[in-house]
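Notes follow the structure.
The values are calculated or read from the model by the stated rules, or taken from the named source; none is laboratory data. Every value quoted in this text rests on a predicted model; they were computed, and no experiment measured them. All Cβ positions, even for glycine, are placed from backbone atoms using ideal geometry, and neighbour counts span all protein chains on display.
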Amino acid sequence: MLTLSLRSFGVRKLRVALTLIAVALGVALISGTYILTDTINRSFDTIFTTAAKGVDVSITPRDAIDDATQDGIAVTTIPASFLAEVERQPGVAKAVGTIDTANVALFTADGDRIGGSGGAPTQLSSDTPPPFSAITYEEGRAPTGMGEMAVLEQTAESEGLKIGDRLKVVGAGPQTELELVGIARFGGVSSIGGFTLIVTSLEQAQALADQPDAYSSILVAADPDVTPGELRDRLRQLPSPTPVNVRTGQQQADQNTADIREALGFLTTALLVFAGIALFVGAFIIFNTFSITVAQRMREFALLRTLGASRRQVMGQVIFEGLIIGLVGSILGLLLGLALAPGLRGLFNAIGADLPSEGTVVEPRTIIVSLVVGTLVTLASGLAPAIRATRVPPVAALREGAVLPRGRGARFITPSGAILALGGVAALAAGLFGGAGIELVGLGAGLVFIGTALLSPKLVPPLAGAIGRMFPGVVGRLARENSVRQPGRTAVTASALVVGVTLVAFVSIFAQGLKATIAEAVDTAARPGTLIVQNTAMGVPLPAAVAGGLERVDGVTSVASVRFSVSRVEGVGRTAVTSVSPTLPDVFDTRWAQGDNELLRDLGRDHAVVTDRWADDHGVEVGDELALTTPTNERLRLRVTGITDDDSGLFAPVTVSNELAQEAFGERQDAIVFAGTSPDEEAAVKARVDRLLEQQFPLAEALTVQEFKDQQAGQVNQILALFYVLLSLSVIVSLFGIVNTLVLSIYERTRELGMLRAIGTSRRQVRRMIRYEAVITALIGATMGIVLGLVFGVAVTVALEDEGLVLSIPVGQLVVLLVLGGLAGVLAAIAPARRASRLDVLQSLAYE
Amino acid sequence: MTNAPIVSATDLVRRYGEGEAAVTALAGVTVAFAQGEYAAIMGPSGSGKSTLMHCLAGLDRPTSGSVVVDGVELAHLDDRRLTALRRDKIGFIFQAFNLLPVLTAEENILLPLSIAGRRPDREWFEQLVATVGLGDRLDHRPSELSGGQQQRVAVARALVSRPAVVFADEPTGNLDSKASADVLELLRTSVDELGQTVIMVTHDQDAADVADRIVTLTDGRIVEDRRTQAAVA
């Protein structure tokens, strides 16, 4: 029996190849994801471990809230006085302070920015002299004293920088011209993803960062007779002015790696979700191929039964084929994943998430998961057809044109489809509205897809009828009739496409809603003529001097700034904090559940306002007292004076004054600065603001309300593009499904095609017929997908109405999606249509 | 029947394969069929009778020799022109009926015209339907028709475009004797009353006897070419 299985593959090469592709593409995304993230993790691990060489103990600031650091860069610092304390401890051979900050930009002498704005970040780090060896020099030497700097090899290469070049660096302090004296490696590598690293001496870094009396960390080397562990324990006893973490060098490297791993965990999960979607689509195709194959090979099975094969043997044969296809497809997918991993990395580079990946890491887990998942999905998808194969009666071998008996379950298909779809809707609703969690939403969506797929045989004839009317003449009529000849088959083929199209339609609708929401919130809140000033590097704050400078610009009527921090609220836990200037109401019109804008003018040191959602969740009312611990370990008691109802995203759960943020939270830098102008002078004032920023704060940019909205929309679009690319893999898988179904049905209709050609149908007409058939199938899928996408989009929007999400349907994009669906059909039809038109007429007529 | 030939073959040779393994299906056949003739091509299996029909109908290309259909030399035609010629000048009837299951009887009959983008001549269609006797079955699909009825649909389809010649390949091979007689009678009628030319390949002597002329092939050569009783009658 096994030989027979293998033999039959040879006969059906194309079919097997197309099925393999369906399995392989989904598996490729799984293995590609694992390979990429494992490689990135391993790279960071190597970098951090190499960078930690010579470091016996590392002292880093710890905010009082928890151990959190932001993006690996400390949000707080260590007072310089502590270094002297550390140096005095017995067993300390050498201790140095370091400066690490992302609030920096590098320019050529001519003022052109090096290292993208908005893209991969730039970082300034102070050089660490031996025995610390995080930074090593390939060319030139380490920067010493003032006026010197080094960059990473990769930056020097891509920007064409040479030793002796003069470059400009701007940090929180004044702009400074430095000479390039060294080309460096960090942790032994020439580049850390797209990071632009600027290395200077400690003094120079302190000047650039405007941080004369504080360090980002302290590195300690132990005397030879003290182990790192002993020294760490000793230094932990040392009272420090602000909270610190004291770790051995290895612990610190492990911690850094773990932080990165956690940050990348989200990426892994997101990519695996897309892999799951592609495999889910693949499952439809595998199911369809096996179903059609079983139907076509009925006589073969019947013959086997006649010759005495048992039902189990027949089923075993189909299952064994599934096993082989699943395994081979998974292996192909695994190999394809190796090629896909760099592609995925490129995708993230394209949106600015450049990450280091040296070499290729294939963990055993990658291989096991890929093979097991791919094989199981194939086997599961092939199970129903295998069971069907057992129903072939032996007598079918002797009859021509016998039809496979309908399964006992056939009459339950439509009702169970309805039940599944309804169950899916219920699960979706519970997940979205009942707060039952995102898993339930995913499960619900999956059930809706399967339910719709089961219902779709009933939907195919009317849809095909309506769509097919677009295609004229007998060729169009034949295409239409052929597509409904086996509604179940067309339905499953279209359903594979439905999944991808639904998700594309859904994210389009969701993103459009998001953009509309942002635009609406900004429009309602920002007063006309307000300029928004922020750092060109996303998430990096501005020095307070920017706000001061803006105040002096002619025509600026009012300046307000907003800062972000965190706190631990008693009885709640870690809570984000916004702080605002008293002038905020001049430029920003906050919406209130209780209270009014005037509250923001006198928050002082004792008041806070909170958001309505947070107040609801934690039972906080106006007049209540909040007990907070700040990052610098101050304990505060604040009275709640108002409750906001604002969708702009500006307000964290708790809002305090900038004054308090500076004193008690250690937050000296502004996240956003608003500059009010009178609307009719806006353009002229903006020109003056631009000039000021260019001359004194090249890191900052000023945007009008419209520009700000466009920028936000641009960010949404970038993520949207990423989703499109990842979903396109599912759509590609479903295209192979259309190809597969067409090829199989052409094969079944060989004699018909021969007759059509014999009586004078031209090759072109045959091609057109196949193309129409593909387009009809694709449009059925696209139509159903867009409808489902609309349903999901509306449901999610309604669920998030409280968050201020507004519904905005991108009609144009959905129309484009429909057209693309049709084009996909044209694309899928190319090969099968050619095949059909090239059939030898005589052989086809003789064909059985 | 002494009209100019509507279909003629000269020195027709068809070889399959190369060298030692080459099989000669037609070893130099010269034959002509006149307009309005009802001819049967007979011969044992492997005699080359099907190959001859395929070459005459433009479905197969001869290794050498020439075929002229209605004044057109087929050797010079590319696939596109050959297809158009089959569409406009040739009608086909197959052993296995070869109707499209998704179309009704009427649509199947009109298929050659639909493919050509031509409007059916309603009067001719009515006459044809009356001749083949399918009046009340026109909106049925092939699966709802008996074998005999299906083959009558196929005959009507072959005649609908008023081709220069109709080729019938074992038209009675899949039919019982009653249905066979009906179809043969129908072909006879098409020649006698509609002036059609019919060339039929068969190995059934009773079927061949309905024709005007029987051409017999053996080993790729014509061994006999005679008029039948039917022609005399």
Exercise. Might you let me know whether the range A:551-561 holds any residue that is among the polar types (S, T, N, Q), buried (at least 23 other Cβ atoms within 10 Å of the Cβ), under 29 Å from the mean Cα position of the chain (by Cα) and not assigned by TED's automatic domain parsing to the domain that holds A:Leu447?
Key: no
Quiz item: Does A:Leu347 count as aliphatic (A, V, I, L, M), part of a helix (DSSP H, G or I), at pLDDT below 85 and under 30 Å from A:Gly188 (Cβ atoms)?
Solution: yes
Practice problem: Kindly indicate which of A:Glu701, A:Glu752, A:Glu659 is surrounded by fewer than 18 Cβ atoms within 10 Å (Cβ to Cβ) and charged (D, E, K, R). | Solution: A:Glu659
Exercise. Find all pairs meeting these conditions: Cβ atoms under 9 angstrom apart; at least six residues apart or on different chains; first residue within the range A:632-645 and at positive phi; second residue assigned to a loop (DSSP other than H, G, I, E, B) and of a type in the set (Val, Ile, Thr).
Key: A:Asn633/A:Thr242
Quiz prompt | Selection count, the range A:292-331, where residues are among the small types (Gly, Ala, Ser) and closer than 11 Å to A:Thr378 by Cα | solution = 4
Quiz item: Would it be correct to say that B:Gly58 is in a strand (DSSP E or B) and at the interface with chain A (Cβ under 10 Å from one of its Cβ atoms)?
Solution: no
Self-check item: Matching entry among A:Gln204, A:Gln255, A:Gln211, A:Gln251 (being among the polar types (S, T, N, Q) and in a loop (DSSP other than H, G, I, E, B))
Solution: A:Gln211
Quiz item: How many residues, within the range A:670-698, are among the polar types (S, T, N, Q) and crowded, with 19+ Cβ neighbours inside 10 Å?
Solution: 1
Quiz item: How about the range A:25-125: which strands (runs of 3 or more DSSP E) wholly inside it have at least 1 residues that are at pLDDT 90 or above?
Solution: A:57-61, A:92-98
Quiz item: Going through the range B:61-98 one residue at a time, which ones are more than 12 Å from every other protein chain (Cβ to nearest Cβ), part of a loop (DSSP other than H, G, I, E, B) and surrounded by 23 or more Cβ atoms within 10 Å (Cβ to Cβ)?
Solution: B:Pro62
Quiz item: Got at least one residue in the range A:488-504 being farther than 21 Å from A:Gly417 by Cβ, assigned to a helix (DSSP H, G or I) and not polar (S, T, N, Q)?
Solution: yes
Self-check item: Within the range A:769-785, tally of residues that are under 40 Å from the mean Cα position of the chain (by Cα) and within 14 Å of chain B (Cβ to nearest Cβ)
Solution: 3
Self-check item: Test: A:Gly265 is in the same structural domain as A:Leu344 (by TED's automatic domain parsing), closer than 29 Å to A:Ala341 by Cβ and either among the β-branched types (Val, Ile, Thr) or touching a residue at least 12 places away in the same chain (Cβ under 8 Å) (or both)
Solution: no
Exercise. Run down A:Tyr772, A:Tyr747 and say which single residue is touching a helix residue (DSSP H, G or I) at 6+ places or on another chain (Cβ under 6 Å), among the aromatic types (Phe, Trp, Tyr) and on the phi < 0 side of the Ramachandran plot.
Key: A:Tyr772
Quiz item: Cβ-Cβ below 6 Å, separation at least six or inter-chain, first residue in the range A:136-164 and surrounded by 17 or more Cβ atoms within 10 Å (Cβ to Cβ), second in a strand (DSSP E or B) and polar (S, T, N, Q): which pairs?
Solution: A:Pro143/A:Thr200; A:Met149/A:Thr200; A:Thr155/A:Thr196
Quiz prompt | helices (runs of 4 or more DSSP H) wholly inside the range A:661-765 containing at least 1 residues that are away from chain B (no Cβ under 14 Å) | solution = A:682-696, A:705-748
Exercise. Could you grab me the full set of residues in the range B:2-23 that are modelled with pLDDT under 90 and touching a Lys or Arg at 6+ places or on another chain (Cβ under 9 Å)?
Key: B:Ala22, B:Val23
